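Read-outs: derived from the displayed coordinates by stated rules, not from any lab. Not measured: the values here are computed from a predicted model. Virtual Cβ from ideal backbone geometry, glycine too; neighbours counted across all protein chains shown.
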Amino acid sequence: MDSPNSFLIIFSLTCAFTIKICLADFDTLQDTCPAASPEKQAIFINGLPCKNPSTISAPDFKTTKLTQPGKTDNFVRSSTKVVTASDFAGLNTLGLSIARTDIEIDGLVTPHSHPRASEMLYVVKGTVLAGFIDTKSNVFQNVLKEGDVTVFPRGLLHYCFNLGFDDATAFSVLNSQNPGVVSIGGALFEPDRDIDTMGILVKSLISLSKHDMLENHNYYQNVTLPKFPSLFQG
C-alpha cells in the first residue's frame, strides 16, 4: 500500500472516530423507535429495544409526567424529576431526556453531575441562582429569572438555589436518553443520618451566593472556591 493511500485511510478513520465520540448518544437509523415495555424485553442491549413498528402511535410521543410539581417536603426543600426513554417511550434513540425541578423559598438543589450529558435549564417561574463548578474549582453562576436559560457542561458539578420570594420551577433538557446522576449527598453520606453535614453544605452554598450578590449588586461574576472539600468538614 503506497503512502498517500495509507494517509487517506488513517485520516478517514480518525475523522469518523472523532465525530462519533463527540455525540452524546448514537444516531438513530430510522424515523422513530419508541421503547418497548421493559416486561417485553428479552435481550439486554446498550439502550432500549424498539416497539413493533405496527404498534407505534401518537401517544408514544407525549408525556404528562412533568405536569405536576414534585414533593419538596424534604431537607433541601426541592424536587427534581428526570424523565428518560425508560419513562417516555418516544425519547428512545433521540439522545434526549427531560426534567422538572421545583424549589421552595430558600430551597436548594445540591451539587450533582450527569456523567453522560450536558444540561440546558429553563426557568418558567421564580428567581433561581444556578451555577456549576469546573475542574479547577472555579464557580460560574448566574441569577435566572422567568424565561432565562443556562447550561451545565457534561460531567461538571452544578446546583440551583431559590433566590426569590416565591416557589421556583425550571425545566431541563439533557442530551442523552440516560444521562445518569452522581450526587455529592448520595455518594458521600446519607441525608437522613448526616443532617449536620448536609446543613454545612447547604449553608455554605447559600452563604457564597448571598455574599456574591451583596458584593456585586446582583451582577454575578465568576468566583473561586479553592477549598470546596472543606464544605464537608464540621
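Tabulated results
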item: Spin-label model distance (nm) - VAL182 vs LYS125, 7 Å beyond Cα toward Cβ; result: 3.3
item: FRET efficiency, 1/(1 + (r/R0)^6) with R0 35 Å, evaluated for ASP134 and THR67 via beta carbons; result: 0.50
